[in-house]
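Reviewing the structure listed below.
The values are calculated or read from the model by the stated rules, or taken from the named source; none is laboratory data. These numbers come from a predicted model, not from an experiment. Ideal geometry is used to build each Cβ from the backbone, glycine not excepted, and the neighbour counts take in all protein chains shown. Accessible surface areas use protein heavy atoms only, side chains included; no ligands, DNA or RNA. Shrake-Rupley method; radii C 1.70, N 1.55, O 1.52, S 1.80 Å.
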Amino acid sequence: MDKIVIEGGRPIQGEITISGAKNAALPLIAASLLTPEPQTLLNVPDLRDTRTILKLLQSLGVTWKKNGTTLTIDSSNLGQHEASYDLVKTMRASVLVLGPLIARLGRAKVSLPGGCAIGARPINFHLQGLEKLGVKIDLKEGYVDATVDGRLQGSTIYFDIPSVTGTENILMAAVLAKGTTIVKNAAKEPEIGNLIDMLIGMGAKIEGRDTDKLVIHGVNNLKSSSIATIPDRIETGTYLIAVGATGGEATITNCNPAHLPSLLEKLRGAGLHIKEGANTLHVSRKGPIRSVDVKTMPYPGFPTDLQAQIMALMTLSNGLSVINETIFENRFMHVAELCRMGADIRVDGNSAIVSGKGRLSGAPVMATDLRASASLVVAGLAAQGITEISRVYHLDRGYDDLVGKLARVGVNIRREKE
Ligand code: EPZ
């Protein structure tokens, strides 16, 4: 296993280019299962998770070619309908093949994803929604065995919680259903808009993009399309927070400022100067870091995927910050590691009370999940001395060339064998 070694205290200076969004690329890749016509995806990031879902598709008979960040996928030979446990257990987002497989083949057998470090993460809303579309679901031996007699039937589906991949799964099933499907309390994350754009480009009929009510009029088949993966707003937010932590200055390119409404407000409140361009952000921090309170919410609220990173920034303020995690039940795994670096954080239920000490000291720490590892990188950039982060395979799931991108803006960072 590899570790990342950072000598902290050097301000970030320079330009950082953002890659395509992990949480957009995964549903876009899954959507290519809906038709034998080839699909072209642009700006696809090179991540452990995108490589995993492509391996999964390959096991189903799909072929693909990657040329730089352009991916062409051909599922004309799709034959298998079973997504095995050994692939699904490494990435729970593999559940995204469920909807398209049922819509295309009338059959899907996908291993139940199981929990992960941040929570139990059930998929009951996915399954209830598919049952409303006429799918028969059997849960046995850790697998979801789903079949439909004939064609999926449009229906009205209400999500108790606006589930992101739940909305995506139902979207991908409903586009080929007979009749109209209405999804109420749908998630509104930008990644869902990206998927809707791809599906409409393939010939689907969908209304309500960016709202919590989606109306899908089923069609008989879909055709080839070409779509660009949107920039990764969580990667963008991570680097904005990193500049806040080091007190540097950076131009972030290939990003979409409109996808980070709540984060930009919070970071301005924390003392960062942020100038928005069409697809760039200019960010700097010269004065002290001010403490702000954060409550994670579904989009357009503060993203849960940036909670760990802004917590690292708050440990460097000189005030009190209350961070409330409302989406996942166990997303404070980074707290113990930050405390090893001198942070003063007290967890009380789903709130963490951070009393900023204005400084951190480098230490050997361990990554526990994808965004917790990003939080430790942010802390290491600002800490005095050396920070060694082990188990960086977590980081590789969602950050394309993080070490290279930071090294190119003046950070003393390297990756080495543990
Ligand atoms: C997506 O996960 C993202 N992953 C997550 O990003 C992100 O944190 C999350 O949305 C919230 O924004 C991908 O898009 C691949 P949910 P997802 O269904 O869809 C509960 C990262 O770091 N729930 O919106 O799995 C669930 O337990 C990852 O990139 C049910 O109870 O999240 C959670 O408490 C981490 N039953 C809440 O809803 C269900 O059937 C929101 O989950 C589905 C969800």
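Of note:
- Qualifying residue in the stretch 117-130 (condition: within 17 Å of T52 (Cβ to Cβ), part of a strand (DSSP E or B) and either within 10 Å of the ligand (Cβ to nearest atom) or at pLDDT 95 or above (or both)): no
- Selection within the stretch 60-84 - over 22 Å from P45 (Cα atoms) and of a type in the set (G, A, S): G61, S76, G79, A83, S84
- Filtered by the rule that a residue be among the hydroxyl-bearing types (S, T, Y) and either within 21 Å of A258 (Cα to Cα) or within 23 Å of the chain's Cα centre (by Cα) (or both), the stretch 167-212 gives T167, T211.
- Taken residue by residue, the stretch 339-357 has no member that is assigned to a helix (DSSP H, G or I), within 26 Å of the chain's Cα centre (by Cα) and either surrounded by 21 or more Cβ atoms within 10 Å (Cβ to Cβ) or touching a residue at least 24 places away in the same chain (Cβ under 8 Å) (or both).
- Residue within the stretch 312-323 that is open to solvent by less than 60 Å² (accessible area, probe 1.4 Å), more than 16 Å from K295 (Cβ to Cβ) and in contact with a strand residue (DSSP E or B) (Cβ under 7 Å, 6 or more places away or on another chain) present: yes
- Note on the stretch 90-115: residues that are within 8 Å of the ligand (Cβ to nearest atom) and either more than 17 Å from P27 (Cα to Cα) or at pLDDT below 90 (or both) total 1.
- Among the residues of the stretch 255-300, those identified as of a type in the set (S, T, N, Q), in contact with a Gly (Cβ under 9 Å, 6 or more places away or on another chain) and outside any strand (DSSP E or B) are S262, S291.
- Annotation note: Cβ proximity below 9 Å between a residue of the stretch 407-418 that is open to solvent by 50 Å² or more (accessible area, probe 1.4 Å) and at pLDDT below 95 and a residue that is basic (K, R) and assigned to a strand (DSSP E or B) (sequence gap 6+ or interchain) occurs for K417/K3; E418/K3.
- Considering residues of the stretch 361-372 that are in a loop (DSSP other than H, G, I, E, B) and within 16 Å of the ligand (Cβ to nearest atom) only, the residue surrounded by the fewest Cβ atoms within 10 Å (Cβ to Cβ): T368
- Which listed residue, of V144, V148, is more than 16 Å from the ligand (Cβ to nearest atom), open to solvent by less than 40 Å² (accessible area, probe 1.4 Å) and in contact (Cβ under 8 Å) with a residue 40 or more places away in the chain: V148
- Residue count for the stretch 41-60, restricted to those that are open to solvent by less than 10 Å² (accessible area, probe 1.4 Å) and either in contact with a Ser or Thr (Cβ under 8 Å, 6 or more places away or on another chain) or not in a helix (DSSP H, G or I) (or both): 8.
- Test for E329: is it within 17 Å of T368 (Cβ to Cβ) and loosely packed, with under 15 Cβ neighbours inside 10 Å: yes
- None of E276, E235 is more than 16 Å from the ligand (Cβ to nearest atom), in the same structural domain as S375 (by TED's automatic domain parsing) and modelled with pLDDT of 95 or more except E276.
- Contacts under 6 angstrom Cβ, first residue in the stretch 151-164 being touching a residue at least 40 places away in the same chain (Cβ under 8 Å), partner buried (at least 20 other Cβ atoms within 10 Å of the Cβ) and β-branched (V, I, T), 6 or more apart: G154/T181
- Contact annotation: residue pairs with Cβ atoms under 6 Å, 6 or more positions apart or on different chains, pairing a residue in the stretch 88-100 that is farther than 17 Å from G129 by Cα with a partner that is of a type in the set (S, T, Y) and more than 8 Å from the ligand (Cβ to nearest atom), are V88/S94; V88/S111; T90/T52; M91/T52.
- Filter result (more than 11 Å from the ligand (Cβ to nearest atom) and surrounded by fewer than 24 Cβ atoms within 10 Å (Cβ to Cβ)) within the stretch 300-311: P300
- Residue in the stretch 192-204 that is more than 15 Å from the ligand (Cβ to nearest atom), modelled with pLDDT of 95 or more and in contact with a Gly (Cβ under 8 Å, 6 or more places away or on another chain) present: no
- Exactly one residue out of G14, G8 is in contact with a Leu (Cβ under 6 Å, 6 or more places away or on another chain) and not assigned by TED's automatic domain parsing to the domain that holds G193, and it is G8.
- Taking the numbered list (1) within 16 Å of I12 (Cβ to Cβ); (2) crowded, with 16+ Cβ neighbours inside 10 Å in turn, H273 passes all entries but (2).
- Residue count for the stretch 373-412, restricted to those that are within 16 Å of the ligand (Cβ to nearest atom) and under 14 Å from K3 (Cα atoms): 11
- Within the stretch 202-216, residues that are under 14 Å from I157 (Cα atoms) reach partners that are among the acidic types (D, E) with beta carbons closer than 7 Å, at six or more positions or on different chains, in the pairs V215/E207.
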